[in-house]
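The values are calculated or read from the model by the stated rules, or taken from the named source; none is laboratory data. Because the structure is predicted, anything quoted here is derived from the model rather than measured. So basically every Cβ, Gly included, is an ideal-geometry build from the backbone, and we count neighbours across all protein chains shown.
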């Protein structure tokens, strides 16, 4: 049995296709994580672009490059589509206050 504390430097992610730590990790809009090479090969081999896990539609240019501490990146990361960061919308209907709990 592997000690969980000995593996704290590696991200706890697995590619849903190759089942190993993702190289050039990316996520689909449905939230599933893959190696860039794995999902690119999957999508290029299919007539219909769909997530291999949940079968939701995928647009190749909307795949999101993940920045994971200690993740592996190689030269294949250069062709991952560039996604612009979308700033979150402020919910003006929600009251803004802070609750402090004293235990």
How many residues does region 22-53 contain that are surrounded by fewer than 19 Cβ atoms within 10 Å (Cβ to Cβ), touching a helix residue (DSSP H, G or I) at 6+ places or on another chain (Cβ under 6 Å) and closer than 13 Å to residue 66 by Cα? 1
For region 55-77, name all the residues that are at pLDDT below 75, surrounded by fewer than 10 Cβ atoms within 10 Å (Cβ to Cβ) and under 17 Å from residue 40 (Cβ atoms). 75
Do you know which of the residues in region 3-21 that are modelled with pLDDT under 90 and either in a helix (DSSP H, G or I) or touching a helix residue (DSSP H, G or I) at 6+ places or on another chain (Cβ under 8 Å) (or both) is nearest to residue 39 (Cα to Cα)? 7
